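S.K.: One structure is given below, represented as structure tokens, and several questions about it will come after.
Read the figures in this text as sums done on the coordinates, not as results from a lab. Values in this document were obtained by computation on a predicted structure and should not be read as measured data.
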Ligand SMILES: Nc1ncnc2c1ncn2[C@@H]1O[C@H](COP(=O)(O)OP(=O)(O)OP(=O)(O)O)[C@@H](O)[C@H]1O
Ligand SMILES: [Mg+2]
């Protein structure tokens, strides 16, 4: 079982979009997948066709510091497994974060108890940094997929966390989402990002800005099903091919 943390240095860059799409595409490549939302936003289910936000999640099934995964796990129509964060009141959410602060390996130890095939993947959806849940996701991940946008603010945010992320650079890959060929600024930002992080950390494949992504989400579907010939469908399939190879070979080139 391999753990992939999908993280970012600023919000709204496409983490949940990537977690949901890659979960479906990896499953279609015969790789069993569990997705886990580590964010109080509690929306990953809606990206996977399970829009009921009252589904019980990880917090509701955590007793005495132990997660009962079987109770917290749901399955969508095509078989992607989802562990929602669950709806929580602010006090409960703060208490959970405090528990994580006092036990930095809590998530790692709980994930080891997930009953998943050896070739399976756990995809962790996170809130943007700084966040204690995202920090634990990074700590226990075999691969950290850091999503960013080709925008000045995203570059500036990533610069703040890059030294921390680079501490274990073997497992870090930065993926640029939402690039538009019509915007020269995007290419300038990409050039600056490459100079900052180096070519090894930056995935050469990119995901282009494509209205097919939000439009298909609005229809409770994936863009590669609704618009299979769209640019985003092509890019997301490319990322899934890359991830499937990494799952099988461990090579992150
Ligand atoms: N390649 C893309 N082209 C166009 N729109 C996109 C693309 N990727 C994501 N989006 C849209 O951007 C919005 C934000 O995406 P998403 O919710 O996945 O980001 P996030 O990083 O999970 O946000 P948060 O930090 O709030 O959790 C959504 O409306 C999504 O449909
Ligand atoms: Mg999200």
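S.K.: Average projected area of the Cα convex hull of the range 100-152, in nm²?
M.R.: Averaged projected area of the range 100-152's Cα convex hull equals 4.6 nm².
S.K.: So if I average 1/r over every pair of distinct C-alpha atoms in the range 120-225 and take the inverse, what Kirkwood radius in Å does that give?
M.R.: For the range 120-225, inverting the mean 1/r across all distinct Cα pairs yields 15.1 Å.
S.K.: What shape does the range 138-190 take by its C-alpha gyration tensor, where a ≥ b ≥ c are the square roots of the eigenvalues and a/c under 1.5 counts as rounded, a/b above b/c as prolate, and the rest as oblate?
M.R.: Judged from the Cα gyration tensor, the range 138-190 comes out prolate (a/c at least 1.5, a/b above b/c).
S.K.: Still on this structure, I have one more. From the P(r) of the chain, can you give the percent of Cα pairs sitting at distances over 27 Å?
M.R.: The calculated P(r) of the chain puts 32 percent of pairs beyond 27 Å.
S.K.: Divide the volume of the convex hull of the Cα atoms of the range 176-253 by its number of residues and quote the answer in cubic angstrom per residue.
M.R.: Each residue corresponds to 95 Å³ of Cα convex hull volume.
S.K.: Scattering from the C-alpha atoms of the range 3-120 alone, worked out with Debye: what is log10 I(q)/I(0) at q = 0.23 1/Å?
M.R.: Each listed q maps to, in turn, -1.59.
S.K.: Let me ask something else. How much mean residue ellipticity at 222 nm does the chain get from its helices, if each DSSP H run of length 4 or more adds -39500 (n - 2.57) and you divide by all residues, to the nearest 500 deg cm²/dmol?
M.R.: -12500 deg cm²/dmol
S.K.: Cα extents of the range 62-167 along the three principal axes, largest first, in whole Å?
M.R.: For the range 62-167, the Cα extents along the three principal axes come out at 42, 34, 26 Å.
S.K.: Here's a follow-up. How many angstrom lie between the Cα centre of the range 204-253 and the Cα centre of the range 118-148?
M.R.: First find each Cα centre; the distance between them is then 19 Å.
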